[in-house]
Amino acid sequence: MSWKTLTYFGDSMLLIPTAIIIALVLPWKSSDRHTVWYWIFAFCLAGFVVSVSKVLFLGFGIGSARFNFTGFSGHSAMSATLWPVMLWLVSGRATPPWRRCAIAIGYMIPLMVGLSRLVIHAHSKSEVVLGLLLGFSISTTFLLSQRHTQLKGFSLGQMSAALLLPLLLLGHGRIATTQQFLAHLSADLAGIDRPWTRADLLKLRQ
């Protein structure tokens, strides 16, 4: 598996449809009717914090030259928010050892996504580490809030249907244009000709 394939596990083109699938499935699988709302809030909160951090830098140059920080790594933060919850959901009726193993995999996937962002030079260490901390904090808080929730199991057909769209998206590999959208939005909000870049930030350190 290439680093670009691993990094796609944190791409919005994959994560947003998968998050919607989780939201659609939760009312049928969770014993707590509020679980779906907790999930929607958690995922949207992660996306909001990441987006605000990027807009602050791209539009207003608010970052850290010392730590080479231009905003939370969206791939790291959003994958760390989603995959632990996804694996918790699909392993709902598994035996405790297998369920713990599945959830552990849900935590390992974002770590690999974060590493891939460093390998392909898409983010700095500070952006990846803080992104992972943000996402893991949100997903762990969600999972702790649901520790007494009972989940119904998935039949083979239900599991196949739930995973079909994510698998198709992985096979297609189309990348979301979220960064470009935020760059244009930030420049418009700040009234500047072009968004700030990492090079602009690092000049301040010289």
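The values are calculated or read from the model by the stated rules, or taken from the named source; none is laboratory data. Note that the coordinates shown come from a computational prediction; the quantities given were computed from them, not determined experimentally. As a convention, Cβ positions derive from the backbone with ideal geometry for all residues, glycine included, and neighbour counts pool all protein chains shown. To get the accessible areas, we keep the full protein, side chains included, count just its heavy atoms, and leave off ligands, DNA and RNA. Shrake-Rupley method; radii C 1.70, N 1.55, O 1.52, S 1.80 Å.
Testing the spin-label approximation: label points 7 Å from Cα along Cα→Cβ at S155 and A190. State their distance in nm.
Those two pseudo-labels are separated by 5.4 nm.
Determine the relative contact order of the range 5-83: mean sequence separation of Cα pairs under 8 Å and six or more apart, normalised by residue count, in whole percent.
So the answer I get is 38 percent.
Using the basic label-point model (7 angstrom from Cα toward the beta carbon), what is the I120 to L164 distance in nanometres?
Result for the modelled spin labels: 2.8 nm.
Show me the chymotrypsin sites (Phe, Trp or Tyr not before Pro) within the range 1-72 that DSSP assigns to loop and that have at most 16 other Cβ atoms within 10 Å of their Cβ.
Answer by residue number: F67.
Set the Förster distance to 45 Å, then compute FRET efficiency between L204 and T141 from the Cβ-Cβ distance, nearest 0.05.
0.80
For the chain, what is the accessible area per residue in Å², given a 1.4 Å probe and the full set of protein chains?
Per residue, the chain has an accessible area of 56 Å².
Over the range 1-45, with every protein chain in place, what whole percent of the accessible area is carbon and sulfur at 1.4 Å, could you tell me?
Here it works out to 74 percent.
Straight distance only, please: which aspartates and glutamates reach the Cα of K54 with their own Cα at less than 20 Å, same-chain residues fewer than 8 apart left out?
Straight-distance partners of K54: D11, E127, D188, D193, D200.
Longest exposed-loop-site-free stretch of the chain, with trypsin sites (Lys or Arg not before Pro), DSSP loop and at most 11 other Cβ within 10 Å?
My reading of the result: 67-146 is the longest stretch.
Cross-link partners among lysines for K4, C-alpha distance below 21 Å, same-chain residues fewer than 8 apart left out?
K125
Could you name the lysines in cross-link range of K152, using Cα to Cα under 24 Å and dropping any fewer than eight places away on the same chain?
Counting by Cα, and skipping residues close in sequence, K152 has these lysines nearby: K29.
By how many nm would the segment from A94 to Q179 grow when fully extended, if each residue of separation counts as 0.36 nm and the alpha-carbon distance is taken off?
In short, 26.8 nm is gained.
For n ≥ 4 DSSP H runs only, could you compute -39500 (n - 2.57) per run for the chain, divide by its residues and tell me the 222 nm figure to the nearest 500?
One gets -24000 deg cm²/dmol as the mean residue ellipticity at 222 nm.
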